[in-house]
Every structure is written in structure tokens, then in C-alpha cells.
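Data first, discussion second: the structure below is written as C-alpha cells.
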Amino acid sequence: MTQYFLSLPHDSAEEPTMEGMDPAELERMMAEVGAFNTALQEAGAFVTAGGLQPPSTATTVDYSGDSPVLTSGPFVKAEEYLGGFWIIEAENDDVAIEWTKQASRALRSRVEVRALQEAPAA
């Protein structure tokens, strides 16, 4: 089965946290995401998921030369950044998109889906 990466884009103009959310909205979202995760697990589609700290906490490491160079912050300045993700398994793109629709509905947010590259044939 193919693995798919479901990513959660966030606007770089702000670094959203759960602290600023309306408590009722946060509770609703957490319940819907929990139900989505349970459905993924029961279907055998769940691989892993996680939320990411904002880009301001990143360190970029470049060891392409003789010694490593560490830079505070993300590797690129962008209008949007990755805030979280799921990795799921699905039979095909259509099934992965159906799961992505459910994730988007639970979060009331955009979610991008892309297949992971397959391992090269030996």
C-alpha cells in the first residue's frame, strides 16, 4: 500500500498556538481530530502524526561542505509553513483524498496530501 503525507499549512504572519483559541472551539476540534485518528487506526490506515513547533524554533543544519553550518530559523522564508502532519496508508489517491477531506473537515483548515516516493527497485 502507498503511504501518503497529509500536511497542515499555516500562515507565516502568525504562529498559531492552541492558547489563543476559544475553549469551546478547541474542545470541538480536539474531539473531531481524535475521532479522525481513531477512524484511521480502526481502518489500519494510521502510520503516524504530529504537530510541529513554529519555524522560529527551527535550526537549519548544512553539512554539505567540510564542516557543519548551523543557522537559527527555517531554511527558507515563506508565506506559509508546515504546522503538522499525518502519514497514512491508502490503496490509491482517491482513498487518500477521502481521508484528507475528513482531516480538513475536523480541523476546519486546508490539508495537502501527497504520496511518499516508493523505494527504488533493487
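List of remarks:
- Checking GLU27 against (1) touching a helix residue (DSSP H, G or I) at 6+ places or on another chain (Cβ under 8 Å); (2) farther than 22 Å from ARG114 by Cα, the condition it does not meet: (1)
- When residues of the stretch 42-59 are limited to those that are surrounded by 13 or more Cβ atoms within 10 Å (Cβ to Cβ) and assigned to a strand (DSSP E or B), the one nearest to the chain's Cα centre (by Cα): ALA49
- Yes/no for ALA39 being closer than 16 Å to GLU112 by Cα, at pLDDT 90 or above and within 18 Å of the chain's Cα centre (by Cα): no
- Residues of the stretch 101-120 that are of a type in the set (Asp, Glu) and either surrounded by 12 or more Cβ atoms within 10 Å (Cβ to Cβ) or at pLDDT 95 or above (or both): GLU112 alone.
- Taken as a whole, the stretch 85-100 holds no residue that is over 24 Å from ALA119 (Cα atoms), surrounded by fewer than 16 Cβ atoms within 10 Å (Cβ to Cβ) and in contact (Cβ under 8 Å) with a residue 12 or more places away in the chain.
- THR71 vs. criteria β-branched (Val, Ile, Thr) and crowded, with 16+ Cβ neighbours inside 10 Å: no
- Subset of the stretch 1-25 (residues that are modelled with pLDDT of 85 or more, of a type outside the set (Ser, Thr, Tyr) and either within 12 Å of the chain's Cα centre (by Cα) or surrounded by fewer than 15 Cβ atoms within 10 Å (Cβ to Cβ) (or both)): MET1, PHE5, LEU6, LEU8, PRO9, PRO23, ALA24, GLU25
- All positions within the stretch 73-109 that are part of a loop (DSSP other than H, G, I, E, B) and either small (Gly, Ala, Ser) or within 11 Å of LEU6 (Cβ to Cβ) (or both): GLY73, ALA78, SER109
The values are calculated or read from the model by the stated rules, or taken from the named source; none is laboratory data. These numbers come from a predicted model, not from an experiment. For neighbour counting, all protein chains shown are included, and Cβ atoms are generated from backbone atoms with ideal geometry for every residue, glycine included.
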